[in-house]
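Here is the structure we will look at, set down as structure tokens.
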Protein chains: 2
Amino acid sequence: MNKKGSVGIVVPEKIPFETPLVLENGQTLPRFDLMIETYGTLNADKSNAVLVCHALSGHHHVAGYHSPQEKHPGWWDSMVGPGKPIDTDRFFVVGLNNLGGCHGSTGPLAENPETGRDYGADFPVVTVKDWVRSQAMLADYLGVTQWAAVVGGSLGGMQALQWTIDFPERVRHALVIASAPKLSAQNIAFNDVARQAILTDPDFDGGHYAKESKIPTRGLRIARMMGHITYLAEDGLGEKFGRDLRSDGYQYGYGVEFEIESYLRYQGDKFAGRFDANTYLLMTKALDYFDPAAEYGHNLQKALKHVQAKFFVASFSTDWRFSPERSKELVKALIAARKPVQYIEVQSNHGHDAFLMEDEPYIRAVAAYMNNVYEDAQS
Amino acid sequence: MNKKGSVGIVVPEKIPFETPLVLENGQTLPRFDLMIETYGTLNADKSNAVLVCHALSGHHHVAGYHSPQEKHPGWWDSMVGPGKPIDTDRFFVVGLNNLGGCHGSTGPLAENPETGRDYGADFPVVTVKDWVRSQAMLADYLGVTQWAAVVGGSLGGMQALQWTIDFPERVRHALVIASAPKLSAQNIAFNDVARQAILTDPDFDGGHYAKESKIPTRGLRIARMMGHITYLAEDGLGEKFGRDLRSDGYQYGYGVEFEIESYLRYQGDKFAGRFDANTYLLMTKALDYFDPAAEYGHNLQKALKHVQAKFFVASFSTDWRFSPERSKELVKALIAARKPVQYIEVQSNHGHDAFLMEDEPYIRAVAAYMNNVYEDAQS
């Protein structure tokens, strides 16, 4: 465990909110918890707070280690830590598990106070707007009136964008990475196949599988395997695995033969063992529903009209799930709305997953931008 | 039913082969049937025969109608018929269902003569080379010493290519459309997820589902839905479906909401009701295994050294499952091997499925090439 530039051992905290939250779908959560982690110190005028929003399968554990035994650090440890682009010597960084998540925040695995049993499938379908409102309540709790920056990749970038629209005065900078202003038909199609794999797994049991101590692992596994292919670039897959076989010659059967099969199945198995199916379903729905321009006559430029934040937008050349073209839609709308924006298209062969990787030009670009954010926070 | 340019009502024929066929995997099929359809008339010197090879879910019913009530014609009716690019007034056209198929040729649904029961999962994994050998036996049966052309799209194009390598003197022209000299890691990955969806469906029952009168429809449905997305182009999907909803507003549930979901689920249901799961598995394996250069030191140019056929190679601009780059690999190897080749990259927004569509420039290009084939056959 390399502790250089690491925030070290971190302890998550569960923050209770006893105020009812009315959701976009009309339902009310009587109360909820948000599981969070924070790194660095909030300064006296509370101007150095950075919110990190997570993607589909992410959570509050952004950086550091929960114990000296933990093998892997938080999911964005390459980005967050002392001396790293989101520098915890400068910023007070907040990571959280979103509502509906399966890592400690109130979601399908939490107790429904109305029934005394787990929510399971009864947990409401939440949206990016709902998340942003719950995050605003978290900001209030932390005493943060305005974020120095809200940062996220993929679905996390959507939250950063929604923040700037719904709470314009509360965000100074938004970093929207490998994201899109809304999903395409192809994106929705992949999400729907993933959902169908889970929903039609006999062990799903209408989403109340926990009652029977079952887990719809088959469906989750297929969903993740398919998703995983789409997060990677064809070139990168070719370079890493090619047509390499695990043993000599073809087996003429349906066991693992190609290295890529072995890798994918491993990823699928690992995910199915640790992620909640109901959470997967609702996270993909939040992705599908995200369309901040919709309430502004489907005009993104109009949606951005009252935005006060400055933007950093980044995309990756081989990301075909959230291609550079999708980021450029946002960049064009920001320019048309006369909002400051810096855009970088990073050359990478890691596809969508590149946003999680330690690609040097990418890391440097975020570092340079966060340096501006810091100077802004000082002024 | 528009009969203009149609071969009209056609009657399939089942051809029995009582000679044992030793397969690439070492197993022997003691006997087999091939279900075929033919259109047009074989000329006196038997020089005008064209073989049409099918793709993953295709069969012998290439053109025309089985009855006046049949709603849809054969799968390549746009290409095959009187006055059409593969002109049945000029050519004797042969379509077949491949070994291992589920449309009448010997495959998992056929009786295993050794047990008196259906083969089911015991049907051997066959390869493109096996198919080509069985097709050569069919050519012998039909009295065709040399095909005027062997034609196919996708997996069908792979058979056309293998024909030119394995039986160089028996093919005058090969039309290899929307195909590739071998699958990429990403291709194999998608196939493996499809297979995993089927193999882990509890109704699959180790492939012996027919015994229990069950069908692993869940798995087949997921496999087809995912496959279908990859056969289409993101642009085409966007134009056709966009983010259109089936009813006003979001439902905040997991029913059908977006038009693209409705379309995909319909495609999945239709396929699961008509296709055999064991056949799907073995067809995807034939795709994965296809790599004609492998037995020539992984040198495609060497593999093509003794080829006598002239080539027509076509790809489609938005086909990302078998991209133009993959076709160009073949074209480059053909040029390096000093073999005649015509190549066209068709602009289309229909993705991989474009090879089945009536795209005017594509249809014209095939027609022009088939005109050469005809003149060749006359000389």
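The values are calculated or read from the model by the stated rules, or taken from the named source; none is laboratory data. Fair warning: this is a prediction, and the values are worked out from it, not measured in the lab. For neighbour counting, all protein chains shown are included, and Cβ atoms are generated from backbone atoms with ideal geometry for every residue, glycine included. For accessibility, only protein heavy atoms count, side chains too; no ligands or nucleic acids. Shrake-Rupley method; radii C 1.70, N 1.55, O 1.52, S 1.80 Å.
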Euclidean distance of C-alpha centroids, region A:1-67 and region A:280-319, integer Å: 22
Order by protection proxy (mean Cβ within 10 Å, highest first), peptides B:360-367, B:288-295: B:288-295, B:360-367
Rounded to the nearest 10 Å², the accessible area of A:Asp89 at probe 1.4 Å: 120
A:Val171 long-range amide H proximity, modeled H, under 5 Å: A:Trp147
Backbone HN-Hα couplings from phi across region A:21-33 [Karplus 6.51/-1.76/1.60, Hz, Gly and Pro as x]: 10, 7, 8, 4, 7, x, 6, 10, 8, x, 7, 7, 10
Cα gyration tensor shape of region B:259-350, rounded if a/c is under 1.5, else prolate or oblate by comparing a/b with b/c: oblate
Peptide-level mean, for B:237-246, of C-beta atoms on other protein chains within 10 Å: 3
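At 222 nm, what value in deg cm²/dmol follows for chain A if DSSP H runs of at least 4 each add -39500 (n - 2.57) and the sum is divided by all its residues, to the nearest 500?
Calculated at 222 nm, the ellipticity per residue is -11000 deg cm²/dmol.
For an R0 of 22 angstrom, estimate the FRET efficiency from the Cβ-Cβ distance between B:Asp244 and A:Lys332 and round to the nearest 0.05.
Plugging the Cβ-Cβ distance into 1/(1 + (r/R0)^6) gives 0.45.
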Tensor-based shape of region A:1-70 (alpha-carbon gyration tensor, a/c under 1.5 rounded, otherwise prolate or oblate): prolate
Net charge of neighbours whose Cβ lies under 12 Å from the Cβ of A:Lys211, counting Lys and Arg as +1 and Asp and Glu as -1: -3
Share of carbon and sulfur in the accessible heavy-atom surface of region B:187-284 [1.4 Å probe, %]: 45
Base-10 log of normalised Debye intensity for the protein assembly as shown (one unit scatterer per alpha-carbon) at q = 0.05, 0.06, 0.07, 0.10 Å⁻¹: -0.29, -0.42, -0.56, -1.01
Eligible lysines near B:Lys84 by straight Cα distance, threshold 17 Å, same-chain separation 8 or greater: B:Lys3, B:Lys4
For region A:294-302, Karplus couplings with θ = phi - 60° (6.51, -1.76, 1.60), whole Hz, Gly/Pro x: 3, 7, 10, x, 6, 10, 5, 4, 5
q = 0.20 Å⁻¹, region B:134-251: log10 I(q)/I(0) [Debye, one scatterer per Cα]: -1.04
Residues with amide H under 5 Å from that of B:Ile344, placed H, sequence gap 5 or more: B:Val313, B:Ala314, B:Ser315
Reduction of at least 10 Å² in accessible surface, 1.4 Å probe, comparing all protein chains with the chain by itself, residues of region B:18-63: B:Glu24, B:Asn25
Cα shape, chain A, gyration tensor, a/c 1.5 rule: rounded
Per-residue ³J(HN,Hα) for region A:58-75, Karplus 6.51 cos²θ - 1.76 cosθ + 1.60, θ = phi - 60°, Hz, x for Gly and Pro: x, 6, 6, 7, 7, 9, x, 10, 7, 7, x, 7, 4, 6, 10, x, x, 6
Positive minus negative residues near A:Asn97 (Lys, Arg vs Asp, Glu; Cβ under 13 Å): -3
Sequence-separation-based contact order of chain B, relative, with Cα cut under 8 Å and 6+ spacing, percent: 17
Delta accessible area of at least 30 Å² on complex formation, residues of region A:91-128, 1.4 Å probe, chain isolated as reference: A:Val125
At R0 = 41 Å, FRET efficiency that the Cβ-Cβ distance of A:Val22 and B:Gln347 yields, to 0.05: 0.25
Per-pair calculated FRET efficiency, R0 = 22 Å: B:Glu111 and B:Met137 via Cβ, rounded to 0.05: 0.65
Computed Kirkwood radius, in angstrom, where 1/r is averaged over Cα pairs of region A:187-284: 14.6
Average accessible area per residue (Å²) across chain B - probe 1.4 Å, nucleic acids and ligands excluded: 37
Interface size B-A, as summed buried accessible area [1.4 Å probe, Å², nearest 100]: 4800
q = 0.24, 0.27, 0.30 Å⁻¹: log10 I(q)/I(0) that the Debye formula gives for region A:53-111, counting C-alpha atoms only: -0.99, -1.10, -1.18
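Report, as an integer, the average count of C-beta atoms from other chains found within 10 Å of each Cβ along B:228-235. Let's see the in-between values first.
Values: counts 2, 10, 6, 0, 3, 1, 9, 3.
Mean shielding by partner chains, rounded to a whole number: 4.
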Placed amide H near A:Ile15: partners under 5 Å, 5+ positions off or other chain: A:Leu34, A:Met35, A:Ile36
Minimum 30 Å² accessible area buried by the other protein chains, region A:151-187 residues, probe 1.4 Å, relative to alone: A:Ala185, A:Gln186
